[in-house]
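Notes follow once the structure below has been shown.
The values are calculated or read from the model by the stated rules, or taken from the named source; none is laboratory data. Every value quoted in this text rests on a predicted model; they were computed, and no experiment measured them. For neighbour counting, all protein chains shown are included, and Cβ atoms are generated from backbone atoms with ideal geometry for every residue, glycine included.
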Amino acid sequence: MVNCKHYYWWFGFAHHAPTLAAHKMTAELGPDMLDLSLDEFRALLGKRKGAIKTFLLDQKRIAGIGNVYVQGPLFLARIHPLRSIASLSDAEIANLWSALRETLQQSIDLGGSAWEQNLYGEKGQWDQRAMHILHLEGQPCPVCGTTVENIKTGNTHTRLCPVCQPLNGF
Amino acid sequence: MATQPIALLVIDVQQGLFEKSTPIYKADELLENINTLIGRAHASDVPVFYIQHSDARNLVKGSAGWQLHAQLQSQPKDYIIHKQHGNAFEDTPLGETLRSLHVDTVVVTGLVTHGCVKATCIGAQEAGFNVILVQDGHSSFSKDAADLIEKWNEQLSARQVAVRPAAEITFG
């Protein structure tokens, strides 16, 4: 049976290359999110156009942020995924940078997500307690009580609170 | 970017700390003073940082108790920092964010006096910031809260922290 409510994508390759630089896919990756200072993150957003979530998921712009990892930080930073990058304030960018780093580092510290295994078959421990909004669809927002929604954002879905993360900002 | 080299830090003013068996000492006055400073900071375009503590038992991240106090007059332009240690500068991006805004002085308020407020004042100094502690802008849920406030106002003052009442702190 296919569980249509919660679905995840797995990506994986095994390639041989003499050096990382010679590996085309790796060479195309943007800087690692965890290596970016706040000023570097701001500079990357710069005068970019388009929606913030689309930008964050583009591995050629910034590497390391997947759909599971982007939804919590957007919620914590009170940013709608379809907000244009140009509309974000300094504080919103700083809060997003901080929340992304915190979330990614927490997952690394816990050995990855609970539904994934490492090469030794050990499951990670980063679970829904750490993911805030991701598993609250249809339930009250922990901040304001509004029902958490699930909307389509390009090729992915996003759980969000329509009050805490208004489409047009505050 | 901030137009002034100063920022307001509101430490751990979270719902869960107001629901302890021993209430926060002078909670209403504390919230009023903090909100007064938040209002002045907003009016002067001074960045406001809310520090949210989390742990595995009492302030579980994402829980109702972990949320900022509902009476805080926060605005979307404010900054949020999550911490897991007493010192808000430890293992957080607070210092980097402040420096990015060219801030050199922090005004400290919040909870609790002899815990995270004290630790953050000292941590801010160690990180190279000038520190102003709001004399009547910090408290705790300790039965000895009044004595602790007086004690740490004095001890931090002796460490070159400027201790000033909320009424004297303006950002203009």
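For the reader, a short list of remarks on this structure follows.
- From the list B:A56, B:A88, B:A70, B:A64, the lone residue that is of a type in the set (A, V, I, L, M), within 14 Å of chain A (Cβ to nearest Cβ), under 12 Å from the mean Cα position of the chain (by Cα) and not in a helix (DSSP H, G or I) is B:A88.
- Cβ-Cβ contacts under 7 Å between residues 6 or more apart (or on different chains), taken from a first residue in the range A:27-39 that is without any contact (Cβ under 8 Å) to a residue 24 or more places away in the chain to a second residue that is not β-branched (V, I, T), are listed as A:A27/A:A21; A:S37/B:E96; A:D39/B:S100.
- Looking across the range A:105-155, the residues that are within 14 Å of chain B (Cβ to nearest Cβ), part of a strand (DSSP E or B) and modelled with pLDDT of 90 or more come down to A:P140, A:V148.
- Residue in the range A:84-104 that is under 18 Å from B:L101 (Cα atoms), at pLDDT 95 or above and of a type in the set (D, E, K, R) present: yes
- Count - residues of the range B:96-107 that are within 11 Å of chain A (Cβ to nearest Cβ), out of contact with any helix residue (DSSP H, G or I) (no Cβ under 7 Å at 6 or more places or on another chain) and surrounded by 20 or more Cβ atoms within 10 Å (Cβ to Cβ): 2
- For A:L57, the conditions (1) surrounded by 17 or more Cβ atoms within 10 Å (Cβ to Cβ); (2) closer than 24 Å to B:Q52 by Cβ; (3) modelled with pLDDT of 85 or more are fulfilled apart from (2).
- Residues of the range A:20-47 satisfying the condition of being assigned to a loop (DSSP other than H, G, I, E, B) and within 12 Å of chain B (Cβ to nearest Cβ): A:L36, A:S37
- Across the range A:53-88, the number of residues qualifying as farther than 22 Å from A:E28 by Cα, touching a residue at least 24 places away in the same chain (Cβ under 8 Å) and not in a helix (DSSP H, G or I) comes to 8.
- Going through (1) closer than 29 Å to A:K49 by Cα; (2) within 13 Å of chain B (Cβ to nearest Cβ) one by one, A:I85 falls short only on (2).
- When we screen B:K77, B:K26, B:K20 for residues that are basic (K, R) and within 9 Å of chain A (Cβ to nearest Cβ), the only hit is B:K77.
- Total residues in the range B:89-117, condition of a type in the set (D, E), without any contact (Cβ under 8 Å) to a residue 24 or more places away in the chain and within 14 Å of B:G128 (Cβ to Cβ): 1
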